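The values are calculated or read from the model by the stated rules, or taken from the named source; none is laboratory data. If you're wondering where the values come from, they're calculated on a predicted model, not measured in any experiment. In this analysis, Cβ positions are derived from the backbone assuming ideal geometry, glycine residues included, and neighbour counts consider all displayed protein chains.
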Amino acid sequence: MKASDSKWSRSASSPNGAETGLAEARYAASLPDGRVRCTLCPHACRLKEGEAGFCGVRLNRHAKITLPFYGAASALALDPIEKKPLYHYFPGRQVYSVGFLGCPLRCPFCQNYRISQSTTAATQRISPAELVRQAAGAGGVGIAYTYNEPVIHFEFVMDSAELAHKAGLQNVLVTSGQINEEPAKEMFDAMHAVNIDLKSFDARFYRNELAGSLTAVKRSIEIAVQRCHVEITTLVIPGKTDSAAEIESIARFLASLNAEIPYHLSAYYPAYRSVTRATEPATIHRLADVARKHLHYVYSGNIADGNSTRCRRCGALLVSRSRTGARAAGLRNGNCAACGHPSPIITA
Ligand code: SF4
């Protein structure tokens, strides 16, 4: 398979104020009572003058939603693309990764809570043009918007993605999928590949424990699979998201969209406010077998496991993965080198 090179067809976006930090938000509506409603994510915050949204980074200033954190990067690093995780997309390559601050979720087990649950952590201001310059010089396949939740930085991501696309770079998004339908369509149109966290298949768990919406993330997945390469991750938390019935429901849902969607079952470790014991590797293996009843490619994350990809026709090794990296030695022109069967792996 080949990455689409015709992803970008929309006209140039409006310039945003990376230098001033006073860029104006899109997906905002004025209300008769003087407040402003943000229509970017399901929280639908109604903000009084001077008030920030639930995510912490979108602020009503002078009856407009402004973006004081536009281009405020909390992290910039060249990562293996497998770390996102993306297993069927440029295996063995690296991607220049940028993170910001804030989140529309309140996961008590967040591994990145120092930046996701903070608006005061250290940042460095970067413009979309500078980000693209750095990414182009880093030698990876493109830019990954990751670490915290990038959709709440919609304007910066879209401005950067457009420039990156023009520079011949790939755009990769790692997201919880907490975004409304219209901006989701726009954002996934701008991406080449996304990994979406589907944290549970229980709407009450999403609402009560994460402050999120299962409906929104399911709809985001449906929208994304129409537009770009998609992989899905579920963090398996003992006693919370480790039931076979729940994982089978997720696998069935994904298979109804495309049984070739790579599905990552990731082992949990205690973090932030969560002290539940870590997930046993045996649990991940057992649940992976459940998911494989419906999906062709199921992988184990956060445990010592090779997680290779094999040809579905002849069983030959297509991509081997280990702690030291990934090698796509079994591919030739995107097909299985042994039998010629088309592979699901995007390499060019
Ligand atoms: S993006 Fe932020 S401000 Fe907008 S609705 Fe979501 S949480 Fe509220």
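Can you tell me which residues in the range 180-202 are in a loop (DSSP other than H, G, I, E, B) and either away from the ligand (no atom under 14 Å from the Cβ) or over 25 Å from C45 (Cβ atoms) (or both)?
M191, H192, L198, K199, S200, F201, D202
Of all residues in the range 106-125, how many are within 16 Å of the ligand (Cβ to nearest atom), surrounded by fewer than 24 Cβ atoms within 10 Å (Cβ to Cβ) and either among the charged types (D, E, K, R) or closer than 27 Å to I261 by Cα (or both)?
Final tally of qualifying residues: 2.
Looking at the range 59-75 only, could you name the residues that are assigned to a loop (DSSP other than H, G, I, E, B), touching a residue at least 60 places away in the same chain (Cβ under 8 Å) and within 15 Å of the ligand (Cβ to nearest atom)? Explain how you work it out, then say what you get.
At the first step, the residues of the range 59-75 found to be assigned to a loop (DSSP other than H, G, I, E, B) are 62-63, 68-71, 74.
In the following step, the residues that additionally are touching a residue at least 60 places away in the same chain (Cβ under 8 Å) were identified as 69-71, 74.
F69, Y70, listed by residue number.
Checking G177 against (1) assigned to a helix (DSSP H, G or I); (2) crowded, with 24+ Cβ neighbours inside 10 Å: exactly one of these is not met. Which one?
(1)
Just need a number here: residues in the range 48-58 that are under 22 Å from G212 (Cβ atoms) and either more than 12 Å from the ligand (Cβ to nearest atom) or touching a Cys at 6+ places or on another chain (Cβ under 7 Å) (or both).
Initially, the range 48-58 is screened for residues under 22 Å from G212 (Cβ atoms), giving 51-58.
Still in the running and either more than 12 Å from the ligand (Cβ to nearest atom) or touching a Cys at 6+ places or on another chain (Cβ under 7 Å) (or both): 53-55, 58.
Qualifying residue count, the range 48-58: 4.
Does the range 126-159 hold any residues that are under 29 Å from E182 (Cβ atoms), polar (S, T, N, Q) and away from the ligand (no atom under 13 Å from the Cβ), and which are they?
S127, T146
Select, from L40, L105, L78, the only residue that is at pLDDT 95 or above, part of a loop (DSSP other than H, G, I, E, B) and out of contact with any Leu (no Cβ under 7 Å at 6 or more places or on another chain). Explain how you work it out, then say what you get.
Working: L105 fails: out of contact with any Leu (no Cβ under 7 Å at 6 or more places or on another chain); L78 fails: part of a loop (DSSP other than H, G, I, E, B).
Testing whether each residue is at pLDDT 95 or above, part of a loop (DSSP other than H, G, I, E, B) and out of contact with any Leu (no Cβ under 7 Å at 6 or more places or on another chain) leaves just L40.
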